[in-house]
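A.B. asks: I have a structure here, written as structure tokens, and I will follow up with some questions on it.
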Amino acid sequence: MTKLFILDDTRSIREALEDVARAVEIPVVAFESGVKGLVYLRALEAEELPKAYFVDMKIVGGDEELASSERIFDLVKEKGLVDRFYFMTAHLSSHDEKVIARTGAQIMIKERMDIFYRVIGELRNNQL
């Protein structure tokens, strides 16, 4: 069962997060496209959904890609899994602040990896 969901359109960040998870044998799935990530999540039964989510707040592309991060949050919220959902951003923009205000989601600045490492530890110790 996949425990960790990663969405980031920046390849180096996505792969670095995947590498950390795999190094400690955390089952992970990662996407560059929010639309593809959303299709993947919608195909899963509730008990198959990942336990933790790190989702880039702003995916480059058309309107559908830009909206995909919030749609993923909405799906995760509907399933009651938002306690381990983190929007990721390089810096807080006005777009980011609006998303946070609308969703109330937690945020992780990409330079501050302490949140990611804490969640990886919890996943590894089966605390999630």
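The values are calculated or read from the model by the stated rules, or taken from the named source; none is laboratory data. Computed from a predicted structure; not experimentally measured. As a convention, Cβ positions derive from the backbone with ideal geometry for all residues, glycine included, and neighbour counts pool all protein chains shown.
A.B. asks: For residues in the range 34-56 being crowded, with 18+ Cβ neighbours inside 10 Å and small (Gly, Ala, Ser), which is farthest from residue 122 (Cα to Cα)?
C.D. replies: Out of the qualifying residues, it is 34.
A.B. asks: Ok, one more. What about residue 59, is it in a loop (DSSP other than H, G, I, E, B), crowded, with 19+ Cβ neighbours inside 10 Å and under 15 Å from the mean Cα position of the chain (by Cα)?
C.D. replies: Yes, satisfied.
A.B. asks: Looking only at the range 33-56, how many residues end up being within 15 Å of residue 4 (Cα to Cα) and not in a helix (DSSP H, G or I)?
C.D. replies: Number satisfying all stated conditions: 9.
A.B. asks: So which of 52, 46 ends up being within 12 Å of the chain's Cα centre (by Cα) and either among the small types (Gly, Ala, Ser) or more than 20 Å from residue 96 (Cβ to Cβ) (or both)?
C.D. replies: Residue meeting the stated conditions: 52.
A.B. asks: Can you list residue pairs whose Cβ atoms sit under 7 Å apart, with the first residue in the range 15-28 being over 17 Å from residue 1 (Cβ atoms) and the second being buried (at least 19 other Cβ atoms within 10 Å of the Cβ)? Count only pairs 6 or more apart in sequence or on different chains.
C.D. replies: Close Cβ pairs satisfying both conditions: 17/6; 17/54; 17/116; 20/120.
A.B. asks: If you go through the range 3-32 one residue at a time, how many are part of a loop (DSSP other than H, G, I, E, B) and surrounded by 16 or more Cβ atoms within 10 Å (Cβ to Cβ)?
C.D. replies: Matching residues across the range 3-32 total 5.
A.B. asks: Any idea which of (1) more than 13 Å from the chain's Cα centre (by Cα); (2) modelled with pLDDT under 95 is the one residue 34 doesn't satisfy?
C.D. replies: (1)
A.B. asks: Also, I was wondering about something else. Restricting attention to the range 62-107, and to residues there that are of a type in the set (Ser, Thr, Tyr) and either touching a Gly at 6+ places or on another chain (Cβ under 6 Å) or part of a loop (DSSP other than H, G, I, E, B) (or both), which single residue is farthest from residue 3 (Cα to Cα)?
C.D. replies: Taking the candidates together, the pick is 93.
A.B. asks: When the range 62-83 is examined, which residues are found to be of a type in the set (Lys, Arg) and under 14 Å from the mean Cα position of the chain (by Cα)?
C.D. replies: 71, 77, listed by residue number.
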